[in-house]
Number of protein chains: 4
Amino acid sequence: MRDENELKIPRDRTDDYAPGAIAARQSFAREYAGSSLDHVGTYSLDPQALPGNVENFIGVAQVPIGLAGPLLVNGEHAHGDFLVPMATTEGTLVASYSRGMKLCRAAGGITTTVVDDKMQRAPVFTFPSAREARDFAGWLDEHFDEIAAAAQETTSSGRLIEIQRFFASKMLYTRFNYTTGDAAGQNMTGKATFAACAWIKQNYPGELHFLLEGQFATDKKTSVVNMLHTRGKRVVAEITLPAALVEEQMHVSTDKLFSARLKGQLGAFMSVTNNNGNHSANGITAIFIATGQDVANVAESSALYGFSELLPNGDFYASVTLPSLIVATYGGGTGLATQRECLELLGCYGTGGVHKLAEIIAATVLAGELSLGSAVVAEEWVQAHDDLGRNRP
Amino acid sequence: MRDENELKIPRDRTDDYAPGAIAARQSFAREYAGSSLDHVGTYSLDPQALPGNVENFIGVAQVPIGLAGPLLVNGEHAHGDFLVPMATTEGTLVASYSRGMKLCRAAGGITTTVVDDKMQRAPVFTFPSAREARDFAGWLDEHFDEIAAAAQETTSSGRLIEIQRFFASKMLYTRFNYTTGDAAGQNMTGKATFAACAWIKQNYPGELHFLLEGQFATDKKTSVVNMLHTRGKRVVAEITLPAALVEEQMHVSTDKLFSARLKGQLGAFMSVTNNNGNHSANGITAIFIATGQDVANVAESSALYGFSELLPNGDFYASVTLPSLIVATYGGGTGLATQRECLELLGCYGTGGVHKLAEIIAATVLAGELSLGSAVVAEEWVQAHDDLGRNRP
Amino acid sequence: MRDENELKIPRDRTDDYAPGAIAARQSFAREYAGSSLDHVGTYSLDPQALPGNVENFIGVAQVPIGLAGPLLVNGEHAHGDFLVPMATTEGTLVASYSRGMKLCRAAGGITTTVVDDKMQRAPVFTFPSAREARDFAGWLDEHFDEIAAAAQETTSSGRLIEIQRFFASKMLYTRFNYTTGDAAGQNMTGKATFAACAWIKQNYPGELHFLLEGQFATDKKTSVVNMLHTRGKRVVAEITLPAALVEEQMHVSTDKLFSARLKGQLGAFMSVTNNNGNHSANGITAIFIATGQDVANVAESSALYGFSELLPNGDFYASVTLPSLIVATYGGGTGLATQRECLELLGCYGTGGVHKLAEIIAATVLAGELSLGSAVVAEEWVQAHDDLGRNRP
Amino acid sequence: MRDENELKIPRDRTDDYAPGAIAARQSFAREYAGSSLDHVGTYSLDPQALPGNVENFIGVAQVPIGLAGPLLVNGEHAHGDFLVPMATTEGTLVASYSRGMKLCRAAGGITTTVVDDKMQRAPVFTFPSAREARDFAGWLDEHFDEIAAAAQETTSSGRLIEIQRFFASKMLYTRFNYTTGDAAGQNMTGKATFAACAWIKQNYPGELHFLLEGQFATDKKTSVVNMLHTRGKRVVAEITLPAALVEEQMHVSTDKLFSARLKGQLGAFMSVTNNNGNHSANGITAIFIATGQDVANVAESSALYGFSELLPNGDFYASVTLPSLIVATYGGGTGLATQRECLELLGCYGTGGVHKLAEIIAATVLAGELSLGSAVVAEEWVQAHDDLGRNRP
């Protein structure tokens, strides 16, 4: 174990984002670990824009962006064709999403609907016994307006709309639900809920303790409670695909597609997953990186409820519901150099763009589901009737 | 809806990664959507290295990297102090992880252990009834060596080690488990399992149908089955923190920390999350982006089992178990320009580095858990004894 | 396959509960299967009381009842000592619960609180697309009073208090929550919700289809949604046990008990169970059979959230929360011969007794948890220090 | 709080099942609580048979039994028609199951298959750190035969077949899986595993602590791990129903039935239940009470995976998989007076009957699923086209 000072990462208290401070850290890292960091040190963004986004800045990751599309969306906020920037290092991802987008475009485009929108912080309150916990819940009802006002003092764009309650033992677990405008809102709701809890602690006549987070908002974690009750945007993308189109473009019949889906549904139920679809995380992550979203939110944003039907005429209804999609077009990393450009590519940058972005992402996810889902089903056919026959002596 | 051809993304069949092809797409996007893409178009990586990583390349996302550390790891593969590159746009993330790393370093460092390592593809086999499904399971046992040999023909570094079975209805859901060397192995196991299934279909005397994926590998999705049975690396990071050290650096007593944890554990059980910790996704995502991992795997890699004890002397034992951490030091995006440099910074690039990387990530996660966990607990104290007193008239 | 008529179970259309009808069935069964049914045919209950409880009556199961107690309850509805009738065929069950009750009595008794009370039916509504589903949710809000009135026409004791909503795809899954007095209320809420849905279908201006149950009430099934949101009674039982008392009566130290519990909590989180306790189903089932509850409800009623703390002085706080305890003191099997006697033994028969019964059951469960939990921990000690030493040469 | 002695339940150390001892307790209860217990005190069973089944015996619960059937089973152990005794106080239950049985008989009977059979106890082992836990797992492999031999010394009918492992933190959670003959086997596996752990503790060269249960067998609790890996019998019941038959007997088209099922499947996935069917607990509980099973096991035995398909010709394939059905035809309450008679009615009493009983129960469950499932779907039709028309002015 080396001496701590020898290993201290250089910081410049005056301006830690100045060229000298950055160079000092690069030299330090280079010397310590023998990595050149030449590419990391090559970037066009302005480091002076980075306070609030990163500490100890040394350069950038260059993540390749591919263009998928055109994606035809029939949304309430997103209308028309979009070229979707996807930042990824996984080969075939962009091609596969594009394939699905082409299919959906030929079928008339994807209908999208944002059905819910809220962000939360989830304090837990502790009491001497369950009785006081129960009584406190009544007190919360009576003082909702004052609590909301206390929260409101900390934010102009967030608004407390509901306090959900979950009793257990001598605790009351809550979810403070907010609307948050075009921001993702995790910080905003944290501050607002802290203020609300402070007001509660000062004004509640009885004894209570609180923790700002009781694991009922499950930030950066997927959970049933978030999937049931929405975290961020709850958005649905739907399409009905003609049987002949699927056969032609995906080389699979819709009844085979549906039969495979049934087995997958049972598999998803048995394996107890947060996602009974195929690979929503691929599309969501690639757009998140490109557009400056908080990529760690992929943990919960990739949760998905898929639902499909085989219609009497053989057409295939497919839908995805993203119950906890956390997106922003304002704040966080959305204003950084390449990230803003990618939001602009989608026409989503800034105020008023967040529902449009949510719809585009949901449509992208649906396109990707159909592409991969078809490929998995088509494979058996290939294997059974063709490849093996050719390849085996 | 515009004409399809008007919207067709330009591709160059000769060399789609040549400057002209890239420029054509940039112009197309610029014209269509009015975004300059100036920053996106600025990069030092060589596009000729990108086939296999991205299609329709138009440039890069520049994601800022901060340096966290030093992180002291007492692993079996990672020994000593590390400077951890974290690519993020979330302010305070790097600072918070560094704060936790400092605490852990002062306590003697973090012990890490890779306890399991496997990757899977999960075909489902369908039969006329449950009886044939049951009988097939016996046949699988008898022919395991031949099935493994068929899989082996497709890969030099992967090896089939086990076929798990889960009966339901007339189906047998399976998990083909492989070791995969320094690669993450999803593609490798996909190909190998397809070959294995082809062999099975050719040789099984009865009627069967298979789908290559029955939702029991839950690739890019978190699931109980993967958390129970490992996907990628299962790695544990542990530390025992002296009570006085926690009090001094984190401004919180270990008994308050533990009491808060108990309530959080119940919250996690009730909300039914894949992660009874705080924010593993933050650290994992930031390292994944920096080091060229498949970032979509954050969906499952961020799953976490936390376990802590308050020792009789007041010291605090803390551990995290990452049951489905998918990492690679070879293949995928690991060889790209900035990504390779970041792996080199950790001394993990290339063959033999993958367990070392897994240990560093687990240690980073533990440091981050302790930092945020302490902050949440310390807040009430601040609120109760200080801020409110000052801020309220 | 025999001819159907030959196998037709005899029924008497005039009075199927008359001695002749019963005897005819007994003869039929005796002849067909060669079982004497002598004991089954021995009972003191009056079959004329059975319409509404069972069809094709042939006799009774005689399930032995043991008496556990005294159980000291400090409830809001149950005060003082109770002798608890437990119908079971599992040896040691009554003895083990009695052991726990003795411990809890010595510690001053168990505090119980009913924190919530509701019963539901959960229709799912289907629309042309997600947009109409979303709009319908708003319409539900606007017409809540009329919908509640339609439900109210079918019941005097039930009252619709809330309609919860869960969007997915083009559907709206709902939970119609009711209070139901002293009845369990499943039938009552079924009828009321059917009437409500009929009113909705007649009055909603758009196209909709509904199913009376969308698997969101999960009747006779345990589910996260019921554990989070209560089905039946949500009741908490709590106690603080002095360390010395536990040591004396249970032969185990409270810190060992707590340490074991921590490991069990992680086990419960990993195995993904509906119950992080030990064996609530034992006590609940035994009381359910004895008191004429719908025993199939054990499936959900046995769900349990346990929470314990080791206090600084070594005392042990223990609690159980039963989130979906379905009980009645009126209707169903509560008025049958032995069942009524057992309810009277608890002073719970009839109107106004249901919360008292819920409290007694919760207290019984807590006593049983402490008894078995201690036994599991004490065993290792026995094994390590005693038995083996004696038994091995 | 009364004096403890005043409330002490009378026990007779010489013979606690003698008439006098029983009468003393009845008097005591009668006096204390004012309940006559006349019916409770009426029974034909011989109390001298009760040691090992109940303590503090005071009489019996008389639970009415109805006869359902005939049930036509095409099993490997159960062949032909059965009359099924169902002990219940829930009206319509027996009638509804009979309705389903009639439908299935008309369709040729239900095919049943026991696909797995094992019982477990799940000790958790604790070590200084994760590394020793991992090493211990290797040691378990090397010493499996000796461990199995130690377990074997305690039982003649049980056999240890596998030790599953689940790493977390510094612990190894295990599942010791056994075959248990015709007994349910919970006690048998408890004793055997205790002996095995004792042998391990004596012979393992390193430091370890164990708890006999780490919440990975989840006895009397439902869990994902038990549903995935079987507890008791894993049994499948299947049938294909002609479309015309369903229409005729159930008054619903198979496509409506299937469409409803799809929505129910998504509801089950969202509500996170252990049972994507309708009401398996009803049938299982009623048979369990009648046949002397440990009724508390309904908690896990009622878990169910349903899977259905709409065939191209409109016929309906339906199946249920009971993954954790715990049954016995030997030991426990199976030999008591009425219970034995009911097992004899099914031809299942005693050695060799347990798989037959499992098949009959699974077939009963499937019949009940089809009956209730059809009724739910038929209701909307009734409501829309008939009742409302008539009932509303």
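Brief remarks follow.
- Hits in the stretch B:156-181 - residues which are assigned to a loop (DSSP other than H, G, I, E, B), open to solvent by 10 Å² or more (accessible area, probe 1.4 Å) and not basic (K, R): B:S156, B:S157, B:G181
- For C:F269, the requirement of being open to solvent by 10 Å² or more (accessible area, probe 1.4 Å), more than 8 Å from chain D (Cβ to nearest Cβ) and assigned to a helix (DSSP H, G or I) is met.
- Scanning the stretch B:344-360 turns up at least one residue that is more than 16 Å from the chain's Cα centre (by Cα), away from chain A (no Cβ under 13 Å) and among the β-branched types (V, I, T).
- Considering the stretch D:23-37, and only residues there that are in a loop (DSSP other than H, G, I, E, B) and within 20 Å of C:T88 (Cβ to Cβ), the residue that is farthest from the other protein chains (Cβ to nearest Cβ) turns out to be D:L37.
- Search result, residues across the stretch C:113-155 that are of a type outside the set (A, V, I, L, M, F, W, C), over 30 Å from C:H79 (Cα atoms) and not in a helix (DSSP H, G or I): C:R121, C:P123, C:T126, C:P128, C:S129, C:H143, C:E153, C:T154, C:T155
- From A:E55, A:E76, residue being closer than 30 Å to B:E31 by Cβ and either modelled with pLDDT of 95 or more or in the same structural domain as A:L357 (by TED's automatic domain parsing) (or both): A:E76
- B:A303 vs. criteria aliphatic (A, V, I, L, M) and facing another protein chain (nearest Cβ under 8 Å): no
- So A:T338, is it of a type in the set (S, T, N, Q), within 13 Å of chain B (Cβ to nearest Cβ) and over 14 Å from the mean Cα position of the chain (by Cα): yes
- Residues of the stretch C:185-212 satisfying the condition of being farther than 9 Å from C:A150 by Cα and small (G, A, S): C:G185, C:G190, C:G206
- All told, A:A95 falls short of being under 30 Å from A:T291 (Cβ atoms), within 12 Å of chain B (Cβ to nearest Cβ) and in contact with a Leu (Cβ under 9 Å, 6 or more places away or on another chain).
- Criterion (surrounded by 20 or more Cβ atoms within 10 Å (Cβ to Cβ), facing another protein chain (nearest Cβ under 7 Å) and under 23 Å from the mean Cα position of the chain (by Cα)) met by exactly one of C:V40, C:V114, C:V54: C:V54
- The helices (runs of 4 or more DSSP H) found entirely in the stretch A:279-393 that carry 2 or more residues being open to solvent by 10 Å² or more (accessible area, probe 1.4 Å) and modelled with pLDDT under 95 are A:354-382, A:388-391.
- Complete set of residues in the stretch B:21-37 that are open to solvent by 50 Å² or more (accessible area, probe 1.4 Å) and of a type outside the set (S, T, N, Q): B:R30, B:E31, B:Y32, B:G34
- The listed residues are A:T42, A:T14, and the only one of them that is more than 23 Å from B:I289 (Cα to Cα) and outside any helix (DSSP H, G or I) turns out to be A:T14.
- Scope the stretch B:148-173; condition in contact with a Leu (Cβ under 7 Å, 6 or more places away or on another chain) and of a type in the set (A, V, I, L, M, F, W, C); matching residues: B:A148, B:A151, B:I163, B:F166, B:A168
- Residue within the stretch C:222-238 that is part of a loop (DSSP other than H, G, I, E, B), within 10 Å of chain D (Cβ to nearest Cβ) and open to solvent by 10 Å² or more (accessible area, probe 1.4 Å) present: no
- Just one of the numbered conditions (1) more than 28 Å from C:T174 (Cβ to Cβ); (2) open to solvent by 10 Å² or more (accessible area, probe 1.4 Å) is not true of A:L262: (1).
- Near pairs, Cβ below 6 angstrom, 6+ apart or cross-chain, from the stretch C:108-128 (modelled with pLDDT of 95 or more) to any residue that is open to solvent by 30 Å² or more (accessible area, probe 1.4 Å): C:G109/C:N74; C:T111/C:N74; C:T113/A:R131; C:V114/C:H355; C:V115/A:R134; C:A122/C:E213; C:T126/C:H209
- Filter pass, C:G66 being surrounded by fewer than 24 Cβ atoms within 10 Å (Cβ to Cβ) and at pLDDT 95 or above: no
- Entry remark, the stretch B:78-110: residues being in a strand (DSSP E or B) and surrounded by fewer than 24 Cβ atoms within 10 Å (Cβ to Cβ) number 4 in total.
- Filtered residues of the stretch B:118-154 (kept if surrounded by 21 or more Cβ atoms within 10 Å (Cβ to Cβ), within 14 Å of chain D (Cβ to nearest Cβ) and small (G, A, S)): B:A122, B:A130, B:A133
- Test for D:L7: is it open to solvent by less than 20 Å² (accessible area, probe 1.4 Å), modelled with pLDDT of 95 or more, more than 26 Å from the chain's Cα centre (by Cα) and within 7 Å of chain C (Cβ to nearest Cβ): no
- C:I65 vs. criteria farther than 24 Å from C:L357 by Cα and either assigned to a helix (DSSP H, G or I) or within 26 Å of the chain's Cα centre (by Cα) (or both): no
- Boolean, A:E238 is of a type outside the set (V, I, T) and touching a residue at least 24 places away in the same chain (Cβ under 8 Å): yes
- Of the criteria (1) at pLDDT below 95; (2) open to solvent by 30 Å² or more (accessible area, probe 1.4 Å), which one A:A184 fails: (2)
- C:S35, sole failed condition from (1) touching a Gly at 6+ places or on another chain (Cβ under 9 Å); (2) modelled with pLDDT of 95 or more: (2)
The values are calculated or read from the model by the stated rules, or taken from the named source; none is laboratory data. The shown structure was predicted, so the numbers you read here are calculated from the model rather than taken from an experiment. Note that we place each Cβ from the backbone using ideal geometry, even for glycine, and neighbour counts take in every protein chain shown. Accessible surface is based on the protein model in full, side chains and every heavy atom, while ligands, DNA and RNA are left aside. Shrake-Rupley method; radii C 1.70, N 1.55, O 1.52, S 1.80 Å.
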